[in-house]
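Below is one structure, written out as structure tokens, with a few remarks after it.
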Amino acid sequence: RSLVHFRSAMMRQTICLALLLASASAFSPSLPVFNKAALPSLSRSAPLRHAAKISMGYNLQHPKIANDITDLIGRTPLLRLGKVSKDCGAEIIVKMESMEPCNSVKDRIGFSMINEAEKRGDITPGKTTLVEPTSGNTGIALAMVAAAKGYDLILTMPESMSLERRVMFKALGAKLVLTPAPLAMKGSIKKAEDIIASLGENAYMLQQFNNPDNIKIHMETTGPEVWEQTDGKIDVFLGGVGTGGTITGTSRFLKSKNADMKTIAVEPAESPVMSGGKPGPHKIQGIGAGFIPNNLDMDIVDEVVQVTSADAMAMARRLAKEEGILCGISSGAAIKAALEIGNRPEMKGKRIVAVIPSFGERYLSTALFSELLEESKAQAAEEVQV
């Protein structure tokens with residue numbers, strides 16, 4: 001028996017070693033430590049189409065042992081879609097931002113905005129109260145970073161956002177103030193401004209929609225990751241637009257490497273403000289704020305695609321059932337748009353990289369999974385003979 005156990009243990013170790021070697025080969029061990037000084041200015045007035053080439057200097061590997069939860073932000077993997085895109089002429093690759101420490105792309109900006117403000121001396125742990133309007137994921141990211149660094153945090157959010165978001169804010173130690181759903185993000189922004197005014201000089205609003213540190217982190221990390229992971233083979237970068245930071249910062253880096261790459265922005269069909277339409281209510285949480293944020297540079301966007309809330313949710317459900325990718329509604333919108341673009345005749349054989357911004361577990365109480373939630377609540381235990 002001991003011999004069997006020994007052979008079994010050796011087999012498991014061999015398999016693990018093979019997997020580790022295979023995964024290690026995906027990284028470039030020669031990458032130098034990231035050097036911020038090598039990056040150009042992020043001024044919005046700079047002509048993006050003629051941006052200078054940006055040097056690659058970002059280590060794709062996490063530390064072996066992290067000293068802080070923020071050390072584990074970024075470096076998310078790419079995944080090639082299979083069943084959902086099997087009839088698509090283009091190759092659809094997804095950036096799995098749902099695998100961040102707090103399961104969304106906003107972990108990057110939560111860290112960046114706080115960290116850069118600290119460096120400038122604008123905020124101090126234990127002294128400054130941070131205040132921020134959010135549709136959910138940025139608030140969760142900020143709560144994570146604030147907890148790790150020792151800040152008090154007050155978040156304002158439309159009451160229409162998911163119940164899971166409310167619980168996660170409070171679990172991470174943040175205070176939550178809800179605002180009326182019909183006012184959307186404009187209401188939450190105004191409430192945050194009122195709180196800042198009442199708290200005085202020890203309060204600080206990070207302003208994710210206007211803060212250049214939002215764009216900066218994506219230019220410094222997300223863009224280099226995508227470029228390195230694809231070996232520079234990318235024809236289209238596509239994503240939904242919330243604050244505009246992901247699509248602007250990532251595209252700035254990628255277009256500096258390949259000026260022919262196209263950037264495609266996704267917005268709710270019910271609130272088509274980037275397309276020149278009027279804002280309106282929709283169910284794609286995290287994108288479609290009802291206005292064009294300052295962090296979104298439309299000069300870098302080659303095309304805007306509209307997706308309905310119903311189509312976004314249907315695609316998110318397909319991704320879970322057919323690909324095993326449990327994701328949010330805006331992820332469904334991105335993949336729906338990617339398939340639409342990828343099925344164009346001129347896109348045959350091209351590669352599209354789309355962002356999966358968040359994990360689906362925080363949408364269980366929303367319309368995305370409401371039927372399954374009610375079914376699960378009503379499910380009774382079956383008899384078992386013992």
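The values are calculated or read from the model by the stated rules, or taken from the named source; none is laboratory data. Everything numeric in this text was worked out from a predicted model, so none of it was measured. Cβ atoms come from the backbone with ideal geometry, glycine included; neighbour counts cover every protein chain shown. Quick note on the areas: whole protein, heavy atoms, side chains included, nothing else; ligands and nucleic acids left out. Shrake-Rupley method; radii C 1.70, N 1.55, O 1.52, S 1.80 Å.
Remarks
- Every residue from segment 253-285 that is open to solvent by 10 Å² or more (accessible area, probe 1.4 Å) and either under 17 Å from the mean Cα position of the chain (by Cα) or aromatic (Phe, Trp, Tyr) (or both): Gln285
- Test for Gly290: is it at pLDDT below 95, closer than 21 Å to Glu225 by Cβ and either open to solvent by 10 Å² or more (accessible area, probe 1.4 Å) or part of a loop (DSSP other than H, G, I, E, B) (or both): no
- Look at (1) under 22 Å from the mean Cα position of the chain (by Cα); (2) more than 30 Å from Asn59 (Cα to Cα); (3) not β-branched (Val, Ile, Thr) and you find that Ala197 fails only one, number (1).
- Ile114 meets all of the listed conditions (1) closer than 19 Å to Asn295 by Cβ; (2) open to solvent by less than 20 Å² (accessible area, probe 1.4 Å); (3) out of contact with any strand residue (DSSP E or B) (no Cβ under 8 Å at 6 or more places or on another chain) but one, namely (3).
- Of the residues screened, Glu100 is one that is touching a Lys or Arg at 6+ places or on another chain (Cβ under 8 Å) and under 20 Å from Asn214 (Cβ atoms).
- Pick from segment 356-386, criterion farther than 25 Å from Val167 by Cα and among the hydrophobic types (A, V, I, L, M, F, W, C), ranking: surrounded by the fewest Cβ atoms within 10 Å (Cβ to Cβ): Val386
- Matching residues, segment 200-248, being of a type outside the set (D, E, K, R), touching a strand residue (DSSP E or B) at 6+ places or on another chain (Cβ under 7 Å) and closer than 22 Å to Val304 by Cα: Gln208, Val226, Ile234, Val236, Phe237, Leu238, Gly239, Gly240, Val241, Thr246, Ile247
- Lone qualifier among Lys186, Lys216, Lys191 - being within 20 Å of Ile154 (Cα to Cα), out of contact with any Phe, Trp or Tyr (no Cβ under 9 Å at 6 or more places or on another chain), of a type in the set (Lys, Arg) and not in a loop (DSSP other than H, G, I, E, B): Lys191
- The number of residues in segment 160-174 being open to solvent by 60 Å² or more (accessible area, probe 1.4 Å) and either in contact with a Cys (Cβ under 9 Å, 6 or more places away or on another chain) or closer than 12 Å to Gly136 by Cβ (or both) comes to 4.
- Candidates Pro212, Pro182 - the one that is open to solvent by 40 Å² or more (accessible area, probe 1.4 Å), touching a residue at least 40 places away in the same chain (Cβ under 8 Å), closer than 19 Å to Pro281 by Cα and out of contact with any Ser or Thr (no Cβ under 6 Å at 6 or more places or on another chain): Pro182
- Per the conditions (1) surrounded by 22 or more Cβ atoms within 10 Å (Cβ to Cβ); (2) closer than 24 Å to His282 by Cβ; (3) out of contact with any strand residue (DSSP E or B) (no Cβ under 7 Å at 6 or more places or on another chain), the sole criterion not satisfied by Gly136 is (3).
- Residues of segment 107-166 that turn out to be β-branched (Val, Ile, Thr) and not in a strand (DSSP E or B), as a count: 9
- Selection count where residues are open to solvent by 50 Å² or more (accessible area, probe 1.4 Å) and either farther than 20 Å from Lys86 by Cβ or modelled with pLDDT under 95 (or both), scope segment 309-325: 1
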